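Heads up: the structure comes next, in structure tokens.
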Amino acid sequence: MHTYGRLPVEFVSGHGATLVDAAGKEYIDLLGGIGCSSLGHANPTVAAALHEQIDRVWQVSNYFHSTARGELAAALSALLSTATDEGGHEVGSTGTHWKTFFANSGAEANEGAIKVARRWGEKHLDGASVIVTARQSFHGRTLATLAATGQDHFHESFRPMPAGFVSVPLNDIYALREAVGRTGRDAVCAVMLECVQGEGGVWNANYDYLRDVRELCTEKNVLLICDEVQTGFFRCGSPFCYQRSGIEPDVVSMAKGIADGFPMGAVAARAEVADLMVPGDHGSTFGGNALACAAGLATVRTLVDEEMGEHVLSVGHHLRHRLAAMGHVSEVRGHGLMRGAQLDAPVATQAVEEGLAEGLVLNHIGDSILRFLPPLVITRDEVDEACDRLEALLDRLV
């Protein structure tokens, strides 16, 4: 189906932050498969894990234990319990025990989070079922996650939307407090937020706001869900972006960088919350299969062993500095290697198209925002080369 506005290039191979097309031309990849290539293209460690597993077994279903699944769940629990400062540097562990459900995508992970929240409302809040999200958010393209998405233009052709979602402005704790305080049919069971709104334009949730949200959710006994599908796995420097504000949510959805681009998603919850889900409440035929778990475990272990967070913080700061210094960039948002460049002219779409001729894989959100989600292994030299090409391109277009 013609659901994608594809660009006229076919990529056939890659390494690190480089992609190669069918004609042999090389490109600096600043999109990373939409933030999926955490360890870069064709990472040898992940490739070896997949090759080893592919000769054993691929799929046995979730009725049985499967290779690497339990180890990956334990690794995720440790990663989710990491504590960092506002700069993203690790300072310790919270010691929280997390339990994980494995899915195949970010939308499926968020569907799982929604079901966990509704179960919490049933058991602890007299059947409260409404989930509050933020305007300009994006949580997926299934009907439920689309209803949770706080952008009306995504809803227009697909009404009626599933009920039970309301959205309020990001960084407005007073609007959120009013929504969470409603009773009766509008009673709230959870708040669901992105710490950086990716598809909405790379807008940061303020640290103080996130701390206030955590306090409000605790006060009202509603769940705090952090959608870390795009911001997780060191994309923003810390293992998960919520850690930079010093909070800990009740539920975390994740995908994209979890397995270096191999299709995988997951939703994790604190044990107290996770234990409300029982056999038959949720499921996935392919979720957590042996190949995905092999790729996921290899990815997570390598990210930790290679201290990828420190690399992301350093190179991400350099990328922000280079973008901010460009003549036609009015603002740079985001953290680490998740950046949005606000342009002073509506040329973002044209920049993406013409960037291919310059050997750049770019991404735009609307006509005046460029979004950057390169493989986390991108180097400062590659950032400099890409920014030199981009600056010349923008000077020509504007």
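Just a few scattered comments:
- So G184, is it surrounded by fewer than 22 Cβ atoms within 10 Å (Cβ to Cβ) and of a type in the set (G, A, S): yes
- Residue within segment 82-94 that is closer than 20 Å to G265 by Cβ and open to solvent by 70 Å² or more (accessible area, probe 1.4 Å) present: no
- Scan of segment 60-79 for residues that are open to solvent by 70 Å² or more (accessible area, probe 1.4 Å), farther than 10 Å from A290 by Cα and without any contact (Cβ under 8 Å) to a residue 40 or more places away in the chain, ordered by number: Y63, F64
- As a summary of the residue check, G309 satisfies the conditions (1) farther than 26 Å from E86 by Cβ; (2) surrounded by 24 or more Cβ atoms within 10 Å (Cβ to Cβ) except for the one numbered (1).
- Of the residues making up segment 18-31, at least one is open to solvent by less than 50 Å² (accessible area, probe 1.4 Å), under 19 Å from the mean Cα position of the chain (by Cα), within 23 Å of V315 (Cβ to Cβ) and acidic (D, E).
- Selection count where residues are without any contact (Cβ under 8 Å) to a residue 24 or more places away in the chain and either assigned to a loop (DSSP other than H, G, I, E, B) or hydroxyl-bearing (S, T, Y) (or both), scope segment 252-280: 3
- Of all residues making up segment 230-245, the number that are closer than 26 Å to R118 by Cβ, part of a helix (DSSP H, G or I) and touching a His at 6+ places or on another chain (Cβ under 9 Å): 1
- Within the span defined as segment 17-32, every residue fails to be in a helix (DSSP H, G or I) and closer than 18 Å to A103 by Cα.
- Odd one out for D381, checked against (1) under 24 Å from L303 (Cα atoms); (2) assigned to a helix (DSSP H, G or I); (3) open to solvent by less than 50 Å² (accessible area, probe 1.4 Å): (3)
- Just one of the numbered conditions (1) part of a helix (DSSP H, G or I); (2) in contact (Cβ under 8 Å) with a residue 12 or more places away in the chain; (3) farther than 26 Å from D85 by Cα is not true of G283: (1).
- Restricted to segment 295-306, and to residues there that are open to solvent by 10 Å² or more (accessible area, probe 1.4 Å) and either in a helix (DSSP H, G or I) or among the small types (G, A, S) (or both), the residue that is farthest from G265 (Cα to Cα) is D305.
The values are calculated or read from the model by the stated rules, or taken from the named source; none is laboratory data. Computed from a predicted model, the values in this text were never measured in an experiment. With ideal geometry, Cβ positions are generated from the backbone for all residues, glycine too; neighbour counts draw on all protein chains shown. Note: accessible area is taken over every heavy atom of the protein model, side chains too, but ligands, DNA and RNA are not part of it. Shrake-Rupley method; radii C 1.70, N 1.55, O 1.52, S 1.80 Å.
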